[in-house]
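To start, the structure itself, in structure tokens.
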Amino acid sequence: NNPSFEVADRGTYSIHRFVYDPDVYNTSEISLGEMTISELFDMQKSEGGDICGDVDVEGAVFEVSYCRSCYAFAGSLWVHQSQLCLRYGSAQLLALHYRTPIVPDNYKVKYLLSKGEDLIIKDINDQPVFEVYYEGDYKIHTLVYNPSKMDLDDL
């Protein structure tokens, strides 16, 4: 027997196994939405009640929450070489995917180059590769976005 229930609201739910003799106890006596598991447990003979049976007080606990409506995931990038020198006036920054982005239908991926602790966006590219001409601390970020909702010209 595999218990299964549908719920319509988020919250914490538990499924409890209840073993009883149907000739002695009628489950219609359980007031749904009112009776507690503790009250049902107290009705057992082992607890001084009239029912020969047992209820799993612990139960299997589930936390139900609203699902994300957006499945976009930027993934993770890593760099093979984090210390670079400016050679002939520039350096090429290259990042590789550590965890691949999840890109829903009609979404796009762009890469952003930021500079400094404030992560000021300096450039946008189709690949995680950027050419820099000044010393500084740079980061490459993955952006997964819906172009109908976000205009990158606003950056």
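Answer yes if at least one residue in region 34-41 is surrounded by 10 or more Cβ atoms within 10 Å (Cβ to Cβ), of a type in the set (Gly, Ala, Ser) and at pLDDT 85 or above, and no otherwise.
Scanning region 34-41 turns up at least one residue that is surrounded by 10 or more Cβ atoms within 10 Å (Cβ to Cβ), of a type in the set (Gly, Ala, Ser) and at pLDDT 85 or above.
Ala91 is checked against (1) at pLDDT below 85; (2) in contact with a Cys (Cβ under 8 Å, 6 or more places away or on another chain) and fails just one. What number does that condition carry?
Answer for Ala91: the failing condition is (1).
May I ask you to list the residues in region 109-131 that are part of a strand (DSSP E or B) and farther than 28 Å from Lys149 by Cβ?
Glu131
What's the number of the condition His80 fails, among (1) modelled with pLDDT under 90; (2) touching a Ser or Thr at 6+ places or on another chain (Cβ under 8 Å)?
Of the numbered conditions (1) modelled with pLDDT under 90; (2) touching a Ser or Thr at 6+ places or on another chain (Cβ under 8 Å), the odd one out for His80 is (2).
With the condition kept exactly as written, say whether any residue in region 71-81 is outside any helix (DSSP H, G or I), more than 30 Å from Ile124 (Cβ to Cβ) and without any contact (Cβ under 8 Å) to a residue 24 or more places away in the chain.
No, there is no match, as no residue in region 71-81 is outside any helix (DSSP H, G or I), more than 30 Å from Ile124 (Cβ to Cβ) and without any contact (Cβ under 8 Å) to a residue 24 or more places away in the chain.
Just give me the residues in region 82-97 being farther than 28 Å from Ser148 by Cα and either in a strand (DSSP E or B) or among the aromatic types (Phe, Trp, Tyr) (or both), in sequence order.
Arg87, Tyr88, Ser90, Ala91, Gln92, Leu93, Leu94
Within region 13-48, work out how many residues are in contact with a strand residue (DSSP E or B) (Cβ under 6 Å, 6 or more places away or on another chain) and either touching a residue at least 60 places away in the same chain (Cβ under 8 Å) or among the hydrophobic types (A, V, I, L, M, F, W, C) (or both).
6
Which of (1) of a type in the set (S, T, N, Q); (2) touching a strand residue (DSSP E or B) at 6+ places or on another chain (Cβ under 9 Å); (3) not in a strand (DSSP E or B) is the odd one out, the single condition Asn106 does not satisfy?
(2)
From the set of residues in region 102-155 that are of a type in the set (Ser, Thr, Tyr) and farther than 27 Å from Tyr88 by Cα, which is modelled with the highest pLDDT?
Top of the filtered list is Thr142.
So if I check each of Gly59, Gly116, Gly48, Gly53, which one is over 21 Å from the mean Cα position of the chain (by Cα) and either exposed (fewer than 11 other Cβ atoms within 10 Å of the Cβ) or of a type in the set (Lys, Arg) (or both)?
Gly48
Which residue, of Val103, Val55, is farther than 22 Å from Asp151 by Cβ and out of contact with any Pro (no Cβ under 9 Å at 6 or more places or on another chain)?
Among Val103, Val55, only Val55 is farther than 22 Å from Asp151 by Cβ and out of contact with any Pro (no Cβ under 9 Å at 6 or more places or on another chain).
Listed residues Tyr107, Tyr66, Tyr25; which is among the hydroxyl-bearing types (Ser, Thr, Tyr), within 24 Å of the chain's Cα centre (by Cα) and surrounded by 11 or more Cβ atoms within 10 Å (Cβ to Cβ)?
Tyr107
The values are calculated or read from the model by the stated rules, or taken from the named source; none is laboratory data. None of the values given here were measured: they were computed from a predicted structure. All Cβ positions, even for glycine, are placed from backbone atoms using ideal geometry, and neighbour counts span all protein chains on display.
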